[in-house]
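Colleague: I have a structure I would like to understand better, so I am pasting it below and will then ask my questions one at a time.
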Amino acid sequence: MSTPALVPALHAFVESLDDAVVLFDADHRCDYANPAAHALARRLGAADGDLAPLASLVPEPGAAPCVRVSALGTGDGPLTLRVAAHLRTDVEGLALMVRDVSEDTARQADLERRHAELSRNYLQVAGAQEILLQSEKMASIGQLAAGVAHEINNPIGYVHSNLGTLQDYLRRVFSLIENYERALGDADPRAWRAEIAELRQKLDIDFLAQDLPELLAESREGIERVTKIVQDLKDFSYSGRNEPFRAVDLHKGLESTLNIVWNELKYKVTLEKHYGSLPPVECLPSELNQVFMNVLVNAGQAIKDRGTIALTTGVDGDEVWVSVRDSGEGIPEDALPRVFDPFFTTKPVGHGTGLGLSISYGIVAKHHGRIEVASTPGAGTTFRIVLPIRQPTAAADRAAAPSRRIGPDGA
Ligand SMILES: Nc1ncnc2c1ncn2[C@@H]1O[C@H](COP(=O)(O)OP(=O)(O)OP(=O)(O)O)[C@@H](O)[C@H]1O
Ligand SMILES: [Mg+2]
């Protein structure tokens, strides 16, 4: 297309633009203004044909691209205008292009406000979830408290009784020493020999010498056991808030969790441990212990009279797994898909909140792992917790979503 033909086409195009286009000469007089420019001048309070408000929009060198001006002509709020100025090539002067971006700016401000609100809500939900996690943990400890107290009471009981025995042993030893001292103070100590031998026998000193080390070892073991349980309890109730992921021995976590739940299990459960050789696993240990506890307590509760819980661990490629198999009552087929739902419980009121597995599911998902269940009603249930040995990086994290798989028995 030749230039003369192009000119009317361009003129029509500029006339139809929603953006204001104004040409100023070297003296800031207006050569041309499209209809959008006239409309904008009117919105800025000018009379028909007066383009002075647009002349005042000519930006100073280095000015920001957007300006906010009052819309005096319409009674609207202030307008946000994006102004672009170009040097004219035909004559000395400027070509000004002005776009009303008030709506875009308002929309962006609205989006930013909503984003800030969402971030605030997210933080609130995350905080509430953390509180829930901790409450569930404390509630479980509350339920187990009597058992833990019993576990502590037992060793304290025999340490106490051992101290009584020790007191008696000491009394006997001192009475023998007393007699030795008397003999030594005598002109003829040998004359005491028979008497001391008789006393030694009477006080059963030989037995005492043999029993004393055992008594002390047993008491020390009792105290160590109490210390261990108290430490496990402390570790367990630790909120783990802002706890970083760290590589730990999962078996240690399993053992300390077993210590806490042991009293719930020991009267009816035969525990079989088949621990594989596990590498350190990157995890939040106090949260994983909460999962182990929920699954172990559930297994114990599913066994009515006597039964077995098999605790097995192993490695599979870059994952480790912990399986808890019980010989309990099993889960009916229709209940199996719901066991991870919050508040799903088949336990009597006051015995279960139905939060244990749903919280465990959340914790395992946070570890980029999965928790699987398979059950045969009347024969037992297996929960399998699979965890990556190392946590994926943030990028891989976004791609992977946790899965909730139901095992073959309950598919
Ligand atoms: N090992 C299991 N054997 C049989 N049923 C189980 C087993 N584990 C879980 N369930 C079923 O899943 C339900 C939900 O378990 P969950 O641990 O979430 O809650 P709960 O044990 O009922 O209550 P809470 O753990 O909050 O005290 C249980 O009520 C039970 O019906
Ligand atoms: Mg439970």
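The values are calculated or read from the model by the stated rules, or taken from the named source; none is laboratory data. Bear in mind that the values here come from a model prediction, so they are computed numbers and not experimental data. Note that each Cβ is placed from the backbone with ideal geometry, even for glycine, and that neighbours are counted across all protein chains shown. Just so you know, the surface numbers come from the protein's heavy atoms only, side chains and all, with ligands and any DNA or RNA stripped out. Shrake-Rupley method; radii C 1.70, N 1.55, O 1.52, S 1.80 Å.
Colleague: Hey, can you tell me all the residues within region 305-337 that are within 16 Å of ligand 2 (Cβ to nearest atom) and either touching a residue at least 24 places away in the same chain (Cβ under 8 Å) or part of a strand (DSSP E or B) (or both)?
Modeller: Passing the criteria: Ile309, Val324, Asp326, Gly328, Glu329, Gly330, Ile331, Leu336.
Colleague: For region 289-304: of the residues being of a type in the set (Val, Ile, Thr) and open to solvent by less than 20 Å² (accessible area, probe 1.4 Å), which is nearest to ligand 2 (Cβ to nearest atom)?
Modeller: In this case the residue turns out to be Val295.
Colleague: Within region 338-349, identify whether any single residue is open to solvent by less than 30 Å² (accessible area, probe 1.4 Å), farther than 28 Å from Pro280 by Cβ and not in a loop (DSSP other than H, G, I, E, B), and answer yes or no.
Modeller: Taking every residue of region 338-349 in turn, none turns out to be open to solvent by less than 30 Å² (accessible area, probe 1.4 Å), farther than 28 Å from Pro280 by Cβ and not in a loop (DSSP other than H, G, I, E, B).
Colleague: Quickly run through region 245-293 and pick out the residues that are assigned to a strand (DSSP E or B), farther than 19 Å from Arg325 by Cα and hydrophobic (A, V, I, L, M, F, W, C).
Modeller: If the condition is that a residue be assigned to a strand (DSSP E or B), farther than 19 Å from Arg325 by Cα and hydrophobic (A, V, I, L, M, F, W, C), then Ala247, Val248, Val281, Cys283 are the ones that fit.
Colleague: Could you say which residue among Ser256, Ser277, Ser286 is open to solvent by 70 Å² or more (accessible area, probe 1.4 Å) and either in the same structural domain as Leu387 (by TED's automatic domain parsing) or modelled with pLDDT of 85 or more (or both)?
Modeller: Ser277
Colleague: Within region 191-213, can one find any residue that is within 26 Å of the chain's Cα centre (by Cα) and surrounded by 12 or more Cβ atoms within 10 Å (Cβ to Cβ)?
Modeller: Scanning region 191-213, I find no residue that is within 26 Å of the chain's Cα centre (by Cα) and surrounded by 12 or more Cβ atoms within 10 Å (Cβ to Cβ), so the answer is no.
Colleague: Would a scan of region 239-249 turn up a residue that is in the same structural domain as Gly276 (by TED's automatic domain parsing), aliphatic (A, V, I, L, M) and at negative phi?
Modeller: Yes, some residue in region 239-249 is in the same structural domain as Gly276 (by TED's automatic domain parsing), aliphatic (A, V, I, L, M) and at negative phi.
Colleague: Taking into account only those residues within region 351-379 that are near ligand 1 (Cβ under 8 Å from one of its atoms) and open to solvent by less than 10 Å² (accessible area, probe 1.4 Å), which is modelled with the lowest pLDDT?
Modeller: Result: Ser360.
Colleague: Given the conditions (1) buried (at least 16 other Cβ atoms within 10 Å of the Cβ); (2) in contact with a Pro (Cβ under 9 Å, 6 or more places away or on another chain); (3) of a type outside the set (D, E, K, R), report the number of the one that Ser327 does not fulfil.
Modeller: Looking at each condition in turn, Ser327 falls short on (2).
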